[in-house]
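Step one of this worksheet: look at the structure below.
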Amino acid sequence: MRAILAGAAALVSIAAGASAQGNDDCFPPRGSNEARMMAIFDVALAFSGAVAPAAEPSGRIHLGLEVSYLPNIDRATAIPTVCRPDKLTPENTDLLFAAPRPRGFLALPAGFSLEASWTPPIRIGDLKANLVGVALARATPIGARGALLGLRAHGLFGVIKAPITCNDAALGDAGSICYQGTRSDDSFKPNAMGVEATMSWPAGRSFRPFMGVGYNHLAPRFQVNFTNQSAFTDRRRVIVNLDRAVLFAGATWRATPAFDLSGEIYSAPADAVTGRVTGRIRLGSERSARTR
């Protein structure tokens, strides 16, 4: 009887230890797959300028829509290496090919401008995002040929919810730790802040190329929310802090006085490359903007 009680106590102790470990915060190193996955997500989500800096009269307003390519994460990188070494199948990371983002622009006095974006919590496929981007910028003329230097500080905050840990396919995979569990409802917070310097110049009357460099501080947070077949809910958090240099280049075409179209290639060389296309309309007339 004592042996049986001792064995039962040992099993309870092991189960309690596993439960505690399953909910402990995880701090993977910068070279881990977990850190690399979150850094790749942040490349596509970073609230970059996406258009050429331009001298705008105070009070001018632009409204636009940006569409960004979401880079694929290869199978090897999508398998956790630190926080869940027993998971031998990849995370569900390729949720969308591209993501839309509405943008607003308000020109302020002295060459300053304010930018904002809100991605409302509307579900697209398996993904639902609620993200806010903000930026403050200033464009300064350089020389007499229309070149401009743009300096900009930006941030992106909010949350993305999706079945990243265990999607429907993983629940039916007998070789996965997700097998016969409940579809996960995981959360990812990009928490990206940065600064950038951009040079733009005129190439004809309606075409303006630009190129620049930047620095991003990333503090992404991932929250697991998965209940396995034994009714244990994994709620561990994955916490990473990263710093990244970025490079970007593109061009803005002013198709009409009230509409422009921009394309940008944006890269964090350590992580990934993405592309963005942005269309904007101007509200109000030239005259009304000049008289404010």
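The values are calculated or read from the model by the stated rules, or taken from the named source; none is laboratory data. Everything quoted here is computed from the prediction, not taken from an experiment. In this analysis, Cβ positions are derived from the backbone assuming ideal geometry, glycine residues included, and neighbour counts consider all displayed protein chains. Ligands, DNA and RNA are excluded from the accessible area calculation, which covers all protein heavy atoms including side chains. Shrake-Rupley method; radii C 1.70, N 1.55, O 1.52, S 1.80 Å.
Quick rundown of the values:
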item	result
Rounded accessible area per residue of the chain, 1.4 Å, Å²	50
Rounded to whole Hz, the Karplus (6.51, -1.76, 1.60) HN-Hα couplings of the range 229-241, x for glycine and proline	5, 9, 6, 8, 9, 7, 10, 5, 10, 10, 10, 9, 10
Helix 33-45 vs. the chain, principal-axis angle (Cα, 0 to 90°, nearest 10)	30
The chain - mean residue ellipticity at 222 nm from DSSP helices (-39,500 (n - 2.57) per run, n ≥ 4, rounded to 500)	-4500 deg cm²/dmol
Mean Cα-pair separation over length for the range 130-170, i.e. relative contact order, pairs under 8 Å, 6 or more apart, %	43
Full-stretch length increase - V82, A270 - with 0.36 nm per residue and alpha-carbon distance subtracted	65.7 nm
3J(HN,Hα) from dihedral phi, the range 201-216, Karplus parametrisation 6.51/-1.76/1.60, rounded to Hz, x for glycine, proline	8, x, 10, x, 7, 10, 10, 9, x, 8, 7, x, 9, x, 9, 10
Separation in nanometres of the label points that stand 7 Å from Cα toward Cβ, at L261 and R183	3.7
Unit charges at the beta carbon, dipole of the range 155-243: most positive-side option, F222, A203, C178	A203
Accessible area of the range 199-292 belonging to carbon and sulfur atoms, whole % at 1.4 Å probe	61
Between 0 and 90°, nearest 10: helix 2-23 axis offset from the chain longest Cα axis	0
Relative packing of 120-126, 248-254, which averages over residues the other C-beta atoms within 10 Å, highest first	248-254, 120-126
Net charge of Cβ neighbours under 13 Å - reference F27; Lys, Arg +1; Asp, Glu -1	+1
The range 179-292, relative contact order [Cα under 8 Å, separation at least 6], %	21
D24/A110 FRET efficiency (R0 35 Å; Cβ-Cβ; nearest 0.05)	0.10
Theoretical gain in end-to-end length, V213 to L96 [0.36 nm per residue, Cα-Cα removed]	39.4 nm
Computed over the range 134-245: relative contact order in percent, which uses C-alpha pairs under 8 Å that are six or more apart	24
